[in-house]
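The values are calculated or read from the model by the stated rules, or taken from the named source; none is laboratory data. Worth saying up front: this structure is predicted, and the values here are computed from it rather than measured. Positions of Cβ are generated from backbone atoms using ideal geometry, with glycine treated the same way; all protein chains shown enter the neighbour counts. Remember, those area values only see protein heavy atoms, side chains included, never the ligands or the DNA or RNA. Shrake-Rupley method; radii C 1.70, N 1.55, O 1.52, S 1.80 Å.
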Amino acid sequence: MDRDRIERVSLRWLRRLVIAGFLLVTLLPFWYMLVLSVRPIERLLLDPGSLLVPAGELTAATYVEVLKATEDGGQGFLTFIRNSGLVALAATALTLVVAIPGAYAVSRLRFFGRRQVHALFLAVYLFPSIVIAIPLFVVFTRAGLRGSLVGLVLVYLSQTLPVSVYMLKNYFETIPVSLEESAAIDGAGRLGVIRRVSLPLAAPSVMAVALYDFMIAWNEFLFALLFLVDRPNRWTVSLGLSLLSDGVEVPKTVLMAGSVILTLPIVVLFFASERLLTEGLTSGAEKG
């Protein structure tokens, strides 16, 4: 066996080992969380380190308790899921509605201060969220929006919009200008060019930005705590899970069930949109 073949075989096996190591580190905590969520608490106390659950021990009682309404003796996570879903979907939709034309304008139009505007989008992230938390709290309290899901959506919009514009702007710049010029020659206006040419080609980037925005809004905790802590019927999943973890009387199996409920939608959404996230729709769009 020559040296080149030995190197190829060694690198192939090394790559497999590295991938297996990353999968183990990534999936093992989630698997253990899932195992804990379907075990009775008494069995967990007897054997806390088990990574496998006998079929006879499987139980869905923890999920029933987590999802059941508080007035029925549960934790009320069904309401939290509804609130988080509404907030995350609304924040994602509003962000895309504003970010898509904004990113297109920054990438294609020439206007005074264009470079400065581009830099300001990133400058927003030089400041931690806690710096703007108090001003936002005061402003939204005076506007009567504190304690409402609408106010929380607007707060998340201010957090996700700058980076969304930045990400989409970079992708719009990769789309050949000649494609848009061809559509303009055929009679399409600026909005028609965006709708018929730019948006279809930018579908992977739009999907990635939408997933990012949804994930931020679904998992965010600080602003949900500040704006909704005194309105339990409007809590989001992350806020409900945090307060659930502080309860001494709450079994850890119930806490793990809540953690699975918080994590699972993001995982499902990621795998459902994986093809669009990884597929380059602009590949081969222009032959030169």
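Of all residues in the stretch 106-134, which are at pLDDT 75 or above and buried (at least 17 other Cβ atoms within 10 Å of the Cβ)?
Matches in the stretch 106-134: 106, 107, 108.
Within the stretch 8-23, does at least one residue satisfy the condition of being over 32 Å from the mean Cα position of the chain (by Cα), under 21 Å from residue 258 (Cβ atoms) and outside the structural domain of residue 267 (by TED's automatic domain parsing)?
No, the stretch 8-23 has no match at all.
Please verify whether the stretch 22-33 includes one or more residues that are touching a residue at least 60 places away in the same chain (Cβ under 8 Å), assigned to a helix (DSSP H, G or I) and not basic (Lys, Arg).
Yes, the stretch 22-33 has at least one match.
Restricting the first residue to the stretch 178-197 and requiring it to be among the charged types (D, E, K, R), which pairs with a second residue that is open to solvent by 20 Å² or more (accessible area, probe 1.4 Å) meet a Cβ separation below 6 Å and a spacing of at least six or different chains?
180/197
Quick one: what pairs do we get from the stretch 218-247, first residue open to solvent by 70 Å² or more (accessible area, probe 1.4 Å), second assigned to a loop (DSSP other than H, G, I, E, B) and polar (S, T, N, Q), C-beta under 8 Å, 6+ apart or different chains?
234/148
Out of the residues in the stretch 5-36 that are open to solvent by less than 100 Å² (accessible area, probe 1.4 Å) and of a type in the set (D, E, K, R), state the one that is modelled with the highest pLDDT.
12
Condition test on residue 78, is it open to solvent by 60 Å² or more (accessible area, probe 1.4 Å), part of a loop (DSSP other than H, G, I, E, B) and hydrophobic (A, V, I, L, M, F, W, C)?
In short, no.
Test residue 155 against the criterion of being open to solvent by less than 60 Å² (accessible area, probe 1.4 Å), modelled with pLDDT of 85 or more and out of contact with any strand residue (DSSP E or B) (no Cβ under 7 Å at 6 or more places or on another chain), and give yes or no.
Working: open to solvent by less than 60 Å² (accessible area, probe 1.4 Å): yes; modelled with pLDDT of 85 or more: yes; out of contact with any strand residue (DSSP E or B) (no Cβ under 7 Å at 6 or more places or on another chain): yes.
When the stated conditions are applied, residue 155 passes them.
What is the number of the single condition among (1) open to solvent by 50 Å² or more (accessible area, probe 1.4 Å); (2) at pLDDT below 90 that residue 97 does not meet?
(2)
Can you name every residue in the stretch 42-60 that is open to solvent by less than 60 Å² (accessible area, probe 1.4 Å) and either among the hydroxyl-bearing types (Ser, Thr, Tyr) or assigned to a helix (DSSP H, G or I) (or both)?
44, 50, 57, 59
Please determine, by comparing only the residues of the stretch 243-288 that are under 18 Å from residue 41 (Cα atoms) and at pLDDT below 65, which one is nearest to the chain's Cα centre (by Cα).
At the first step, the residues of the stretch 243-288 found to be under 18 Å from residue 41 (Cα atoms) are 244-260.
Applying the additional criterion that residues be at pLDDT below 65 yields 247-248.
Numbers: 247: 27, 248: 30 Å.
Across the stretch 243-288, the extreme among qualifying residues is 247.
Considering only residues of the stretch 68-93 that are aliphatic (A, V, I, L, M) and touching a Phe, Trp or Tyr at 6+ places or on another chain (Cβ under 9 Å), which is farthest from residue 151 (Cα to Cα)?
The qualifying residue farthest from residue 151 (Cα to Cα) is 89.
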